[in-house]
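The values are calculated or read from the model by the stated rules, or taken from the named source; none is laboratory data. Note that the coordinates shown come from a computational prediction; the quantities given were computed from them, not determined experimentally. FYI the Cβ positions are ideal-geometry reconstructions off the backbone, even for glycines, and counts take in every protein chain you see.
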Amino acid sequence: MAVKPLSERPLVVRCGAFGDMVLLTALIRGLHTRFHQPVDVLTSGPWSEPLLSGQPGVGDIFCLRSRKTPYWLAPDQQRAVRRLRLRGVGPTWVCDVNEATSRLLQRAGVDADCIVDVRDHPLLPGEHATEQWRRLAAIQPARWQGTQAPGVVDERPGAELLVGAAQRADLDAWLRRRGIAGSGLLLVQIGNKRTMRRGLRRLAVNHKYWPLEHWAEVLRRLHTDRPQHRIVLLGTGPEFELNEAVATLAAVDRIHNAADDLPIPRLNALLARGEVLITVDSGPAHAAAAVGCPLIVLFGRASTALYRPWGAAGAPVSVLTGTLDGQPSMLGITTAKVIEAWEALAPRLPWRAPERNESREEFRRAP
């Protein structure tokens, strides 16, 4: 029987939505600090690679187009297995409950005793997602138990994304093209992937939907309080029409709909530049916390204890919840409540996140 090649580099397996992958940076950071090695990632989704590529501690990214396609009909799965075999077997953290990725690991020769499986370490009562990942980062796979751990897990809580010089330069050029360079930026995320899945007609049946008239009232208040600022509406291409409808209802100037031109690296740079993000519970909410942008977040049914945005940078986050007919509902959040959160946050702006120096080893607090 052939001896399997070994790898000293940790491997993390996680196929999740945009926000899930932002939260996963807590695990990646913990493993990178502990093993002093780049952390390879097996993942899926068009957002994962542009989100994680170039982040400190991230090594190779093995990206799948689909886990549902049968293996023999999926060149992307076959390519990932070949790369994993060449990489060699190392300590592996499986953060999915889907069996498809487990089968791929088996094909790649990763045995069960090499794996820390999230299913064996469920959430503790009241535990945040990033706390669960940091807890898993300290666990040794069975094959390596009894050996001395290389180091300790990073103790800083929350997710973290760093914005590089190339991203900042791209954002500067983009702001100039849009005619908004040099202005204060107030960011608003109205939609989410569920909102636009079946078009505008399905908005009201989505539990992350907040009435467009409410959003328009918030935009008017932002404009009144910060008349020289620019209000930038975020989103992906399908959300452009939704943003246009809200901007028309608001009927104020200095609103810019950016949903047609925000690839993920630019989005993260914009979030790092913005003075505030007002948003539904969404992937950009987690990215904003991870880059240090102050937040006001509207939650519906999702657990705030588990999924509230939490960034290592320590930016202020105001989480709003409501009820309707005795059940958690975003529709139970009034515009007055959002404006009250804005009034409480506004005097603290602009807030700047900690910045890393060029060595990326030390932090300094911006003045």
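The number of residues in region 129-155 being of a type in the set (Asp, Glu) and buried (at least 17 other Cβ atoms within 10 Å of the Cβ) comes to 2.
Among the criteria (1) surrounded by fewer than 19 Cβ atoms within 10 Å (Cβ to Cβ); (2) touching a residue at least 60 places away in the same chain (Cβ under 8 Å); (3) of a type in the set (Asp, Glu); (4) more than 20 Å from Arg177 (Cβ to Cβ), the one Glu241 does not fulfil is (2). Scanning region 242-260 for residues that are modelled with pLDDT of 95 or more and assigned to a loop (DSSP other than H, G, I, E, B) gives Ala251, Val252, Asp253, Arg254, Ala258, Ala259. Residues in region 189-221 that are modelled with pLDDT of 90 or more and in contact with a helix residue (DSSP H, G or I) (Cβ under 7 Å, 6 or more places away or on another chain): 15 in all.
Restricted to helices (runs of 4 or more DSSP H) entirely inside region 68-154, those with at least 2 residues that are within 30 Å of Arg308 (Cβ to Cβ) are 99-107, 129-137. Every test in (1) in the same structural domain as Phe18 (by TED's automatic domain parsing); (2) of a type outside the set (Phe, Trp, Tyr); (3) at pLDDT below 95; (4) under 23 Å from Cys293 (Cα atoms) is passed by His128 save one, and that test is (3).
Examine region 262-270 for a residue that is basic (Lys, Arg), under 24 Å from Ile339 (Cβ atoms) and either without any contact (Cβ under 8 Å) to a residue 60 or more places away in the chain or part of a helix (DSSP H, G or I) (or both), and state whether such a residue exists. Looking for residues that are basic (Lys, Arg), under 24 Å from Ile339 (Cβ atoms) and either without any contact (Cβ under 8 Å) to a residue 60 or more places away in the chain or part of a helix (DSSP H, G or I) (or both), one finds none in region 262-270, hence no. The residue list Gly126, Gly158 contains one member that is surrounded by 14 or more Cβ atoms within 10 Å (Cβ to Cβ) and touching a residue at least 60 places away in the same chain (Cβ under 8 Å), which is Gly158. When each of Thr43, Thr25, Thr33 is tested for being β-branched (Val, Ile, Thr) and touching a Lys or Arg at 6+ places or on another chain (Cβ under 8 Å), the lone residue that passes is Thr43.
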